[in-house]
Amino acid sequence: MVVEIDDKKCKLCGCYSAPACVDKCPDNALQLRDKKIIVTEFLCEDCNECGMACPDKAIKIKKVTF
């Protein structure tokens with residue numbers, strides 16, 4: 001599983017130095033690039049810290065199938 005960002009809902013809340021989800025990710029799996037949140041899937045550990053911090057409710061955990 002990995003987090004998925006809904007770009008239509010995400011308003012890039014811009015909390016402190018970065019959007020709340022980027023600030024809260026303990027694994028540094030989220031980055032802000034070109035005004036979009038990018039998830040590095042192999043770093044994401046599905047803790048959902050980013051999802052709980054998101055004021056826009058734009059983050060959910062999705063199942064990855066192989």
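The values are calculated or read from the model by the stated rules, or taken from the named source; none is laboratory data. A quick note: this is a predicted structure, and the numbers were derived from the prediction, not measured. Quick reminder, even Gly has a Cβ in these numbers, built from the backbone with ideal geometry, and neighbours come from all protein chains shown.
Brief remarks on what is shown
- One residue stands out in the stretch 14-66 among those that are part of a loop (DSSP other than H, G, I, E, B) and among the polar types (S, T, N, Q): the one that is farthest from Glu4 (Cα to Cα), namely Ser17.
- From the list Lys35, Lys9, the lone residue that is in contact (Cβ under 8 Å) with a residue 40 or more places away in the chain and surrounded by fewer than 13 Cβ atoms within 10 Å (Cβ to Cβ) is Lys9.
- When restricted to residues that are out of contact with any Pro (no Cβ under 7 Å at 6 or more places or on another chain) and in a loop (DSSP other than H, G, I, E, B), the stretch 4-13 contains 6.
- Of the residues making up the stretch 1-49, just one is under 23 Å from Lys63 (Cα atoms) and of a type in the set (Phe, Trp, Tyr), namely Phe42.
- When the stretch 12-32 is limited to residues that are loosely packed, with under 14 Cβ neighbours inside 10 Å and at positive phi, the one that is modelled with the highest pLDDT turns out to be Asn28.
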